Amino acid sequence: MGSTVCKGIRSKLHQNIKNLLKTSWLMKKERTPKLSCERARAFSIEKALAKLGHFPTQSTEKEAWFLSPFRSESQASFKVSKELNRWYDHGAGKGGNVIDLVCLIKKTSVKETLNWLEKDQISFSFQQQCVLEKPKRDGLQVLYVQPIQHYGLIRYLLERKIAMATAAMLCKEVHYLHQGRRYFAVGLKNVSGGWELRNRYFKNSSSPKDVTHIKNGREKLIVTEGMFDMLSILETSKCLKEHYDFLVLNSTTFLEKAMSYLDDYDQIELYLDTDENGKRTTENLLGYTSKCRDKSGLYSSYKDVNEWHMENAKNRHGT
């Protein structure tokens, strides 16, 4: 009888202890968020704004100025201190850290904001770095393609002195998945169905990589190394499509393949880079056919056509 009672007491005691430990573990788990506020506050405000579609109008080593994400304005009044990782909206007279900012823009609670950051929905590192780490090409999956309309990409094109109307002639807005994270970029499609991808933070490409050949049914051809070189040439004359086809190498490793396109043309203009690799590629194409003309003398003081075009645009407009 006494032994049975003792066993019952011990069993009940063990169960109470077990329940107590379980309750304590659950309470601790509930109290401890996966991402602490302290760690979240170290997240770069500039990178968070970029993912949310807001890019600076001016940027130095210490600070960046944005058009306010809270209202429409023509003069940037939203300042981000890169050293302090804090923001201040001069138009509204308020500021704070990255958690405050995401809460205001997304209209979420602190807990929801922490969950958003913890789930890695922003495709950047918590380290303060200037550019995105370039993703590897393997495993890159294009999700969808549409006309360019994202504010961040439009601003990027304007920074490169390319008008939207010009970009729309050749490029699309490409959204893609890489290692579980979503990205978007200005995309130029190649002849094999792959994409050259560019945005303000990195350049990349999807497989298969190849040249881009734009056929307008013309007998003259313009050849460049990259998409922004071709867009820069198109900026100089809006009617070039009426007189030329276009060939973008996307990489000088496609030199031999590029040669196979040249035979169909009576006149070929080469706008390749002025570095050693670009000069060597130009010489090879000049040696392949007498129909080629080297146009690099126009921008001999610059590394490529886009750099030359940007400088000319600044001189014309003073910006």
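Among the residues of the range 88-108, the ones that are in a loop (DSSP other than H, G, I, E, B) and at negative phi come to 5 in all.
If I ask for residues that are out of contact with any helix residue (DSSP H, G or I) (no Cβ under 6 Å at 6 or more places or on another chain), assigned to a loop (DSSP other than H, G, I, E, B) and open to solvent by less than 10 Å² (accessible area, probe 1.4 Å), which ones from the range 191-213 would you list? 194, 206, 210 - these are the residues of the range 191-213 that are out of contact with any helix residue (DSSP H, G or I) (no Cβ under 6 Å at 6 or more places or on another chain), assigned to a loop (DSSP other than H, G, I, E, B) and open to solvent by less than 10 Å² (accessible area, probe 1.4 Å).
Can you say whether residue 65 is aromatic (Phe, Trp, Tyr) and within 18 Å of residue 41 (Cα to Cα), as far as the supplied structure shows?
Values: aromatic (Phe, Trp, Tyr): yes; within 18 Å of residue 41 (Cα to Cα): no.
Against the criterion (aromatic (Phe, Trp, Tyr) and within 18 Å of residue 41 (Cα to Cα)), residue 65 does not qualify.
All of (1) within 20 Å of residue 191 (Cβ to Cβ); (2) aliphatic (A, V, I, L, M); (3) touching a Lys or Arg at 6+ places or on another chain (Cβ under 7 Å) hold for residue 231 with one exception: (3). Just so you know, in the range 138-162 the residues that are part of a loop (DSSP other than H, G, I, E, B) and surrounded by 15 or more Cβ atoms within 10 Å (Cβ to Cβ) include one that is modelled with the lowest pLDDT, and it is 140. Being farther than 30 Å from residue 57 by Cα, touching a Phe, Trp or Tyr at 6+ places or on another chain (Cβ under 6 Å) and not small (Gly, Ala, Ser): is that true of residue 189 here? Judged against the criteria, residue 189 is not a match. Only one entry of 237, 296, 301, 251 meets the criterion of being among the hydroxyl-bearing types (Ser, Thr, Tyr) and open to solvent by 70 Å² or more (accessible area, probe 1.4 Å), and that entry is 301. Scanning the range 220-245 for residues that are farther than 22 Å from residue 259 by Cα, outside any loop (DSSP other than H, G, I, E, B) and of a type in the set (Ser, Thr, Tyr) yields 232, 236. Taking the criterion of being under 15 Å from residue 225 (Cβ atoms), not in a helix (DSSP H, G or I) and not hydroxyl-bearing (Ser, Thr, Tyr), the residues of the range 284-303 that qualify are 292, 294, 295, 303. Checking each residue in the range 281-297 for being out of contact with any strand residue (DSSP E or B) (no Cβ under 6 Å at 6 or more places or on another chain) and without any contact (Cβ under 8 Å) to a residue 24 or more places away in the chain picks out 283, 287, 290, 297. Can you say whether residue 104 is within 25 Å of the chain's Cα centre (by Cα), surrounded by 19 or more Cβ atoms within 10 Å (Cβ to Cβ), at pLDDT 75 or above and of a type in the set (A, V, I, L, M), as far as the supplied structure shows? No; evaluated as a whole, the condition is false for this residue.
If you filter the range 179-190 down to residues that are in a loop (DSSP other than H, G, I, E, B) and open to solvent by 20 Å² or more (accessible area, probe 1.4 Å), you find that the one that is modelled with the highest pLDDT is 180. Of the set (1) of a type in the set (Phe, Trp, Tyr); (2) open to solvent by 40 Å² or more (accessible area, probe 1.4 Å); (3) touching a Phe, Trp or Tyr at 6+ places or on another chain (Cβ under 8 Å); (4) at pLDDT 90 or above, all apply to residue 126 but (4).
Looking across the range 261-283, the residues that are assigned to a helix (DSSP H, G or I) and either of a type in the set (A, V, I, L, M) or surrounded by fewer than 16 Cβ atoms within 10 Å (Cβ to Cβ) (or both) come down to 262, 276, 277, 279, 280, 283.
The values are calculated or read from the model by the stated rules, or taken from the named source; none is laboratory data. All figures in this text were calculated on a predicted structure; none of them were measured in a lab. Every residue, glycine as well, gets a Cβ built from its backbone with ideal geometry; the counts of neighbours run over all protein chains shown. The protein model used for the area step is the full one, side chains on, heavy atoms only, and it has no ligands, DNA or RNA in it. Shrake-Rupley method; radii C 1.70, N 1.55, O 1.52, S 1.80 Å.
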